[in-house]
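Encoded as structure tokens, the structure appears first; notes follow it.
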Amino acid sequence: MTNTLPTADLITRFTEIVGSRNALTDEADIAPYLIESRGLYKGNAPLVLKPGSVEEVSQILKLATETGAAIVPQGGNTGHVAGQIPRTGAADIVLSLERLNRIRDIDPVGNVIVADAGCILADIQKAAEEHDRLFPLSLGSEGSCRIGGNLSTNAGGTAVLAYGNMRQLCLGLEVVLPTGEIWDGLRRLKKDNTGYDLRDLFIGAEGTLGVITGAVLKLFPQPRGHQVAFAGLKSVADALTLFDKASSLCGPALTGFELMPRLGVEFTAKHIPGVRDPMDTVHAWYALIDISTSDSAESAERMMQTLLETEISSGLVENAVVAANEAQRKSLWHMRESMSPAQKPEGGSIKHDVSVPVSSIPAFMAEADAAVMKAIPGARICSFGHMGDGNIHYNISQPIGADKDQFIGRWREMNAIVHGIVLAYNGSISAEHGIGQLKRDELADVRSPIEIDLMQRIKHAFDPAGIMNPGKVLKAS
Ligand code: FAD
């Protein structure tokens, strides 16, 4: 279905819904909504709408369905697969949720927070903290990404190991459907087996089925004990063994287990202000171990001490430092979260967000490294990530002195190589970032014809006029 190009008259009708101050048409005002952080995708849009209420979102979608105008929902514009970016050469309308940013309710006893979809993730974390509660979703982009975007990408982040990803952190949703109807599914129930799970269809749908306007999110008790350590290791295989030991010792108290290569530590120390290598010894690989306990501060300390003392004596861990206070804990996490930005000053980088079964990580990485180095001798592989979740950000920086554009021009070729190996290990080509535009054409390689057909039928049932984020996840029909 082809979407209508918005005429001047239609732009006026959309503008009347939100008021002229909240309808951007000036090229300079619109520009930041058209490009994503990596600069890989730049789209076109004649109009950016910033509704201030659920009712306004409803009127916008109703008019879009009546006229066939395409709508692209956008939260914080931090997505890594360009789902939030309007298509190049089309005339999609961007619907920004930024003005829907009210926390509606917090119930610490029921352990829930109810919020507008445009709330910034860090604001939700802060609101929870003020009530001595924890909202555990934590991402490098938490200062700018928004809850609706987190839900629509089923975001993961650094604490999935203990708390799950966004799907596990959401109890209820409010969604405006493409027809303009409002589905109030803001339930606060942990148990509710009443038919098909509509909530979980919208989570991870990347804005292709409707616009999320509100959510009920789960809260948890604030941990009383928190320990973060940085351990130097010989190999990825040793990191896996250490993960196994840490899981057995700590159980659910193991909140994060992140893997980093020496190259990543060097890049962050060189390019990220305030980051330095915390150890005076050099290691091929590093693990960041995060332990949180709810009973006491001492139990986290005891677990970390036992783990490191045992594994340094056994020779598994070559050296380790334990953060002595909150500032040092944050600083170790900052190093880990800066791995990707630190690659930027090193020239072009080709990125992959993949997952494989945890126990296959060493074999997958060895095979991928060999294939990449054969294709691009001198490539600098900087693969890191949420090892405990089997999720590796398999990133490749250009060889020193190589031409950046030529290197980036090999993005698809390198994707095919790395993703081929991921699939051989029964992994996923998108562990936490989604499909969007970037991976849309690969979806048919990783999902069976029956799955693609079911997805298309679901899309058609929710959005028969094809106005919701067309061309994202699935090809526009
Ligand atoms: P956007 O980028 O604006 O949108 C993302 C998708 O959701 C688009 O398809 C958009 O159309 C849709 N959408 C947005 N809002 C709505 C809505 N209200 N209703 C319907 N559809 C909507 N991701 C991880 O999972 N884990 C990480 O650890 C992680 N680390 C990151 C670190 C950095 C430095 C950066 C820049 C990004 C990182 N990301 C990570 C990716 C990104 O932050 C997440 O995908 C995030 O959830 C996107 O939220 P957003 O508000 O920016 O959404």
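No value in this document is a laboratory result; all are computed from the given coordinates. These numbers were taken from a predicted model, which means no experiment stands behind them. All Cβ positions, glycine included, derive from the backbone under ideal geometry; neighbour counts span all protein chains shown.
Numbers at a glance
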item	result
Sequence ranges 368-376, 307-315, ranked by mean other-Cβ count within 10 angstrom, highest first	368-376, 307-315
Long-range amide H partners of THR255 with built H, under 5 Å	ASP290, ILE291, SER292
Inter-part distance where the range 384-403 and the range 190-268 are each reduced to a Cα centre, Å	19
Loop GluC sites (Glu not before Pro), the range 106-204, which have at most 12 other Cβ atoms in a 10 Å radius of their Cβ (DSSP)	GLU181
Two-site label geometry, ILE103 and ARG167: point separation in nm, points 7 Å out along Cα→Cβ	2.8
Expected 222 nm ellipticity per residue - DSSP helices of 4 or more, -39500 (n - 2.57), all of the chain, to 500	-10000 deg cm²/dmol
Protection proxy ranking of 253-260, 163-170, 225-232, 147-154 - average other beta-carbon atoms within 10 Å, highest first	147-154, 253-260, 225-232, 163-170
Compactness index (Cα Rg / 2.2 N^0.38 Å), the range 225-337	1.00
Over the chain, relative contact order from alpha-carbon pairs under 8 Å, at least 6 apart, %	16
Two-site FRET efficiency, SER235 against ASP26, from Cβ-Cβ distance with R₀ of 56 Å, rounded to 0.05	0.55
Computed lengthening from SER359 to ARG13, 0.36 nm per intervening residue step minus Cα-Cα distance	119.0 nm
Cβ charges +1 (Lys, Arg) and -1 (Asp, Glu), total dipole of the chain, debye	400
